[in-house]
Amino acid sequence: MANNFHRLDRRRFLRGAGTALALPLLSSSLPLSAATPDGESNPKRLACIYFPDGVPMPLREDPAYEDWSWFPHGGGTEFKFTKCTDVFEPVIQDVTILSGFSHPHARRVHGHRNADQFLTAAKIRRDVTYKNSISLDQVYAEQIGDQTRFASLVMSTDGGIGTPCAAQTLSFNRMGRPIPAEQSPKRIFDMLFVKKDADAARRLAMSQSALDEMLADAKDLRGTLPAEDKERFDEYLNSVREAEVRVQKAKEWVHKPFPVVDQALFEDDISPESPRLYLQSMFDMIYLAFKTDSTRVATYQIGRENGAGVSDRLARAVGFNLAHKLTHDTKFPGGWENLGKYCRFLNEEFVRFATRLKETPEPAGTGTMLDNSLLLFGSASSAFHLSRNYPLVLAGGKNMGFKHGRYLNYAGANPMSGAWKGGIEPYQKEITHDDQRLTRVFVTMLQQLGMETESFAGATGNFPELLS
Amino acid sequence: MIQNQLTRPLSMNCRVNAKPHGYIKRWQVALFVGVCIFALNSTALIAEDPRDQGTELGSVVEDESNDTEVNVPERPDLQKYKTKIEPLLKWACFDCHSEEHSEGNFRADQLDPDFAGGNDITWWLEVYSVLSKGEMPPPESSELTDADRIFIVDWLSAEIQKAEKLRKSSGSRSSFRRLTRYEYNYALQDLLGVPWTFADDLPEEASEDDGFENNAESLLISAKQVETYYQLTLKALQRVTVRGERPPVVYWGISMEEAFQREKKWHDDTVESTRKKFEDDPKEQSSQLERLNRQFQASNDRSHYSDLATGMRAKFEWNYRQAKYAFEASDEVPSMPATRSSFAVVHPGSREALTVDLGDRLPDVGTMRVRIRASRAEGVTQRVPSLQLYFGFQATDQGRSIKRVSQRDVQILAPYGSPEIYEWDIPLSEIEYRNTYRGSMKLGQQPNPSEYIRFVNSTVGRSRDDSESPAILIDYVEVAAPVYDEWPPRTHQNLFIESDLAHDETAYAREIITTFMSRAWRQVTPAEIDRKVELFQHIRAGSLDFQEAIIDVLATILASPKFLYVSSGEYESRADQEVARLPQAELAARLSLFLWCSVPDETLLKLASTGQLTDPEVLRQQVNRMLDDPKGSRFAQHFVQQWLKMRPLEYLSPSRGENGLDEELLESMKEEPIALFADMIRNDSRILDFVDSDYLVVNERLASHYGIPGVQGNDFRRVALPDEFNRGGLLTQAGLLTMNSDGEDSHPVKRGVWLLTNLLNDPPPPPPPAVPEIDLSDPEIAKLSLKERIEDHRDHAACLSCHQKIDPWGIAFENYDALGRWREQVDGKSIDATSVLPNNISLNGIAGLKKHLAQDREEQFVRATVEKMASFALGRQLDFGDRAEVTDITRRVREAGGGIRTLVICLVTSDLFQSR
């Protein structure tokens, strides 16, 4: 482990400071203008990071309960981290742990297919054609995506979109369609800092011609309209003009030089075969993208559900073989500790990322980057593939009003826990505890990010307890 | 927008709504229709014979509209108001509706008697409505004599008509609007020549509760949407064009004998290894072998591979792992084998489906042609089974997708022993989710990259002892992809037309652009063509090739507001007409959007360009042609779904179980109103058939839901209906009753509101903000029957005024349960479905309701249907100024026999339709 740290630090050192990251141009929304943050208007960033398979939840009477439970013991400000989560200790004033939250439509869904809904809260039925809905990050990207070169950065270890009910991306657009995730740090790096997309420039030019054409036709048409129809039609004219402004801004981005970055850093393509280094590199990408204000929205799915992908091998970082198997092996002696160690590894890397943001003063604003970045870290499973009581960490965003240093324990007295030894699975059991709707947290997140909204995925209500 | 005087909040109901805009609009319709009710119908309070009175009043309307000079509207008769009317109102109304007691927030003492010039026309319409229907003054406390009532009503009627004329000549209603999402999609389909999904990326219309989706006022647009139009037309044009050489075709020729032999071999292998394993234990060996063989021989009731030669039956097995079941593809055209002795016997139900795994070689685009050789089961002569085709894949335990790709069920008619070929053409690009592991994973690896097709026997019901087997016998499956009957395909040639000019890029571009534009835009000028040619020249240098540049230009033609917007253009004013008439090209567009939900075809454009489209005879012919065209089914679908507000059915999920809402039933429920409407259009059936009819248009699943024997198959058809079934018309359709239930039980209030709002176009006011909930924890209330509870609820003063208008209508439906099934009892108590309308007319259950509507409200019903259809046809809400036209159309329809197709023709040939 120590070796890995060392190696990464060396590479990062080489990398130098200024760099950025992001997504392909001409994705659904077009980037608009460079951010011009003054001290008054800090950027507001959002990163959502997901890991599959759930977390260790030994029974209370299990010897591993004290040390290897994922959730801390206690609640409020009186709680104690375990060996699985004590890595949060140094940053506790920037972190809130949540338990007892989930999406109502997912509560009876098997843990092998709940990642699709983590950021969307959609009702996905298996008996009809698959249909998802827009994810949290994309709701926000729609609002501020045009402020930066890239509307959002969508990443996953397994890459692409996966399949319905086994997504390999956390992000879904307004139509509920999956947005392909990028998996190679090198490609992300190149896209963000190195390679001009010549085709994008050409297509933008064409978009502009097309909009010019629509505007000309519109003016023609308007000339023939009676007065009241002219009024109705002006909405269209304004929309075309607005679209033109967007294309113009996008073109400016295309021609704008990239932030200066030391390219030597990413000449090697780091793969998940070097798990810890890979994970660090992916987090680095978000860090760099944020730091250079290339985007303000990022998602990273550390692994797809149910193994069966390269992400499953990330467990090799801590000496195991396959990550998903660890959740099944909790029924064997030492199983909780093994799963706990793997989760601790993920926690460690998340904390490293958060710490890095904390250590970086906001480049053109006030506070640290972490104060202006809202991070959601968690999974849609808790005890053995149970899609309830999600293990969640909310970090950063102090400048947006978030209050930390607490464990908001809504899981109730006896959350479902223990290993699965065959027979009926936890997710098939009756719902005995009424979880909080996670969409309430989402709504508060969006509100503090500056959006005027009262609901998410059709569910109204927020969660002001998160705020100071 | 609509008139100022209509925008004042109304509250003869209970409250001032939190959302004033939608509220008011609803009321505009409500009041408007309230008036209509009077014209056709009247009540026992006014005259002894309602119909006499109705006819008399109706004739007044007609006479006036015929005799009055159009261009010299009369001034309001204010003198008469002061001397004769106001004193009567003061005596009858002011007690409750003046400064001291402004009940319902309404003050009769402040009404402006100048109907057209003042701001109170909506109030006056409501007064007119409640007086004429006998709802006000309250019957129990009223001392208003019938003579006085008639006197006021006559005055109101005359003044309203004068106001109509004034309003009409100041006409400010506009249908100018963009195409809706579904219209845009159909327009692209018709222009590009393929029925594919093109416009899914557009946002859904924010349809208003009370309007049609094509309502001009509610069709908004945003910058994002503007970008989307261009992007999606570009994508559409790329999808229908091709590049390069014809791609090679991949084939699968799969005989069920092969499938059976494969099962058999795996079985034999297992038998062999088991035999070896228990070599030393003959007893165990024989019991194990017996078990294996027993397992292998499938039950005859379940789907199986059948081998006639040996009598063996092997179960259908399939799982995705290691792509073990994938059949190998070939680059050669397979030759169809002669019929042999093995079949796949496919029983009804999705769990009994035949899965044919095709591996990972299906291309992304192009047509997948699936052919099967199939027949019915042995000895079957009556029963006609049907088949559906699905496409799907499973990559991992949870990662999977399945989608029905056949549009209509295929009926298998071939008798046993003489199988026939059945065929599907599936555009692969229309399948939204494909297996993303194709190409990156090899067959046999995990995640699994293979894809399958699945045959589902969709025949309703299982075989029973007393009926013939619904099984389908398949002995051969053939798949080829991508299949192009021509290369380049027809859709490509439609755009890149054959030309002598092809060697000269600019000249060829001009030809392509001219041809396309004159089809896509309704009118096109040489200057407009010139500009697109200039655009082509401008972008050609920066484009990859000629084809790309042309597609870019064509995309701007389809994204243009001149394509997207309709009912625009300069309006011709004719000296002898009081209203501006639509230009003929826009008339063609309006007609086409009305009946095809799409842009006009060449025939319509030609008639428009030669000025023939206003000829009533030509219009009649065109309406008939359009309704008989397959595209006419779009009218039935979209009009009916929106008219009857069927969206809630989309939110229902099928449930399993004995008395559940199974998928076939739900699907049939959604189709029944549309099928009835389409059938009535075909036969020009009486509009009154919506109220009651001696026939049904159903399929087998619905027929069995209704308990009607002898209907077979999933197609809808007209079936004669014996009286004792308590069905007929729209009111008793299972889907509409289900939609207006609460999932557990009937919901009389929903049903009443739905009937009033949609079928009678007389919507009740919305509930007040603080509705007192029915308190079920109160034991006194809990033991009441539903009807009693509603009556109790109605006793609250706040609820009374609305609910006495709603509830009696809904209670009449009480004999239908939450899934629209007939019932005589609930929880052992007999159903009491009798009720009394606010004007004291008694309804005796559904039969009474139907009788009342058909006899006493026939004209109101026809008129409401005219209004709904006119609103859909015009793409805007009707208002006060349209009243006289609607009256006239209603009269013409009724005189011509009251048929639904007649209505369409009367509407299309009316001034209302042909003017802006």
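Every number here is computed from the coordinates shown, using simple stated rules; none is lab data. Here the structure is a predicted model, which is why all the values come from computation and not from measurement. Glycine also receives a Cβ, built like all others from the backbone with ideal geometry; neighbour counts cover every protein chain displayed.
Listed values, structure above:
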| read-out | value |
| --- | --- |
| Integer Hz, Karplus 6.51/-1.76/1.60 couplings in order for segment B:108-114, x for Gly and Pro | 6, 7, 10, 6, 7, x, 7 |
| Amide H within-cut-off set for B:D662, under 5 Å, with H built and near neighbours excluded | B:S655 |
| Tensor-based shape of chain A (alpha-carbon gyration tensor, a/c under 1.5 rounded, otherwise prolate or oblate) | prolate |
| Residues of type lysines that B:K80 reaches as a straight line, Cα spacing below 25 Å, ignoring anything fewer than 8 places off in the same chain | B:K90, B:K133, B:K162, B:K165, B:K168 |
| Pair B:W266, B:D112: separation of 7 Å Cα→Cβ label points (nm) | 8.2 |
| Inter-label distance, nm, simple model (7 Å from Cα along the C-beta direction), A:K325/B:L652 | 4.9 |
| Neighbour-count ranking [beta-carbon atoms within 10 angstrom, fewest first] of B:E284, B:E468 | B:E284, B:E468 |
| Loop-located trypsin sites (Lys or Arg not before Pro) in segment A:405-435, at most 16 other Cβ atoms within 10 Å (DSSP) | A:K421, A:K429 |
| Segment A:316-425, relative contact order [Cα under 8 Å, separation at least 6], % | 21 |
| Peptide-level mean, for A:398-407, of C-beta atoms on other protein chains within 10 Å | 0 |
| Mean residue ellipticity (222 nm) of the protein assembly as shown, computed from DSSP H runs ≥ 4 via -39,500 (n - 2.57), nearest 500 | -12000 deg cm²/dmol |
| Karplus (6.51, -1.76, 1.60) ³J(HN,Hα), θ = phi - 60°, over segment B:278-292, in Hz, Gly and Pro reported as x | 10, 3, 7, 10, x, 5, 4, 4, 5, 6, 5, 5, 4, 4, 4 |
| Long-range HN-HN contacts of A:V154 with modeled amide H, under 5 Å | A:E182, A:T299 |
| Percent breakdown of C-alpha pair distances by 10 Å bin, ordered from the shortest bin, for the protein assembly as shown | 1, 7, 13, 17, 19, 18, 14, 7, 3, 1, 0, 0 |
| Other protein chain Cβ atoms within 10 Å, averaged over every residue that makes up B:383-395 | 1 |
| Phi to ³J(HN,Hα) by Karplus 6.51 cos²θ - 1.76 cosθ + 1.60 over segment B:397-411, Hz, x for Gly, Pro | 3, 9, x, 7, 8, 9, 8, 6, 10, 7, 7, 10, 5, 9, 7 |
| Across A:K421/B:K276; A:K44/A:K219; A:K195/B:K562; A:K83/A:K398; A:K131/A:K195; B:K403/B:K670, pairs whose alpha-carbon gap is larger than 30 Å | A:K421/B:K276; A:K44/A:K219; A:K195/B:K562; A:K131/A:K195 |
| Shielding by other protein chains, A:211-224, mean Cβ within 10 Å | 6 |
| Protection-proxy order for peptides A:320-331, A:76-87, each taking the mean of Cβ atoms within 10 Å per residue, highest first | A:320-331, A:76-87 |
| Cut-off under 5 Å, modelled amide H: who pairs with B:S915 long-range | B:L582 |
| Mean separation of Cα contacts under 8 Å, 6 or more apart, over the residue count of chain A: relative contact order % | 30 |
